[in-house]
Amino acid sequence: MSILTIGYEGLDMTGFLALLRQGNVETIVDIRELPLSRKPGFSKNGLHETLNLHGFEYMHVPELGCPKPIRDQYRADGDWSRYKEGFLHFLALQDDVIAEVAAMAATTTCALLCFEADYNYCHRSMVAHAMSNVAGLPVRHLQARMLKTATAAVPQLDLV
């Protein structure tokens, strides 16, 4: 077992579902505080329905989302170090929820979901690391790299 993460930035629903299948994901754990998206199909209700129709479980855990004041500060100053410090301080108060999701990750293949394509600049890596410390499981990040072909852009799956 591993703790998986995934960001849907740059993916359409077809590519997103393919990436989940490639990672053998069973449960998507949405850790966006507010699971809303301008991207069609990626807001909570539509996403939940689509995932269920394709054989995936969906779970929303808003307690592991980044609080609005921390997000707003990052939008204002772009200071990743400050964002990370603020989120890690917040995350240190979420031990029970982290333990609960980590226990689930030990029994089912789940992927922590957020928007950002680059897990290095997303709170999901910090959540995954905290879960790893609790469960002793490795963290793997599902990523899609786009390769140009003669006819279309085709997602190439890359497990990091």
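Comparison of Arg21, Arg38 shows that the only residue that is among the basic types (Lys, Arg) and either crowded, with 16+ Cβ neighbours inside 10 Å or assigned to a helix (DSSP H, G or I) (or both) is Arg21. Tell me whether the range 8-27 contains one or more residues that are of a type in the set (Ser, Thr, Tyr), in contact (Cβ under 8 Å) with a residue 40 or more places away in the chain and within 23 Å of Tyr121 (Cβ to Cβ). The answer is yes, given that some residue of the range 8-27 is of a type in the set (Ser, Thr, Tyr), in contact (Cβ under 8 Å) with a residue 40 or more places away in the chain and within 23 Å of Tyr121 (Cβ to Cβ). For the range 62-83, the count of residues that are within 20 Å of His141 (Cα to Cα) and without any contact (Cβ under 8 Å) to a residue 40 or more places away in the chain is zero.
For the range 82-115, the tally of residues that are in a helix (DSSP H, G or I) and either under 16 Å from the mean Cα position of the chain (by Cα) or closer than 30 Å to Asp12 by Cβ (or both) stands at 10. For the criterion of being in contact (Cβ under 8 Å) with a residue 40 or more places away in the chain, under 17 Å from the mean Cα position of the chain (by Cα) and within 16 Å of Tyr8 (Cα to Cα), Tyr121 passes.
I'd like the full set of residues that are outside any helix (DSSP H, G or I) and either surrounded by 12 or more Cβ atoms within 10 Å (Cβ to Cβ) or within 18 Å of the chain's Cα centre (by Cα) (or both), limited to the range 63-81.
Here is the first cut: in the range 63-81, the residues outside any helix (DSSP H, G or I) are 65-67, 78-79.
Across the range 63-81, the qualifying residues are Gly65, Cys66, Pro67, Asp79.
Right, Val101: at pLDDT 95 or above, in contact with a Leu (Cβ under 9 Å, 6 or more places away or on another chain) and among the β-branched types (Val, Ile, Thr) or not? It is true that Val101 is at pLDDT 95 or above, in contact with a Leu (Cβ under 9 Å, 6 or more places away or on another chain) and among the β-branched types (Val, Ile, Thr).
Among the criteria (1) closer than 28 Å to Val134 by Cα; (2) surrounded by fewer than 17 Cβ atoms within 10 Å (Cβ to Cβ), the one His54 does not fulfil is (1).
Residues in the range 108-118 that are in contact with a Leu (Cβ under 9 Å, 6 or more places away or on another chain) and either more than 20 Å from Phe42 (Cα to Cα) or at pLDDT 95 or above (or both): Thr109, Cys110, Ala111, Leu112, Leu113. Selection of first residues in the range 90-116 that are within 18 Å of Gly55 (Cβ to Cβ) and in contact (Cβ under 8 Å) with a residue 40 or more places away in the chain and of second residues that are of a type in the set (S, T, N, Q) and in a strand (DSSP E or B), restricted to Cβ pairs under 9 Å at least 6 apart or on distinct chains, gives the following pairs, ordered by first then second residue: Met104/Thr27; Thr108/Thr27; Thr109/Thr27; Cys110/Thr27; Ala111/Thr5; Ala111/Thr27; Leu113/Thr5.
Would you mind stating whether His60 is under 14 Å from the mean Cα position of the chain (by Cα) and either at pLDDT below 95 or of a type outside the set (S, T, N, Q) (or both)?
Details: under 14 Å from the mean Cα position of the chain (by Cα): yes; either at pLDDT below 95 or of a type outside the set (S, T, N, Q) (or both): yes.
Taking the combined requirement at face value, the residue satisfies it.
Residues in the range 48-58 that are touching a helix residue (DSSP H, G or I) at 6+ places or on another chain (Cβ under 9 Å) and assigned to a helix (DSSP H, G or I): Thr50, Leu51.
The values are calculated or read from the model by the stated rules, or taken from the named source; none is laboratory data. Computed from a predicted structure; not experimentally measured. Positions of Cβ are backbone-derived with ideal geometry, glycine not excepted, and every protein chain shown enters the neighbour counts.
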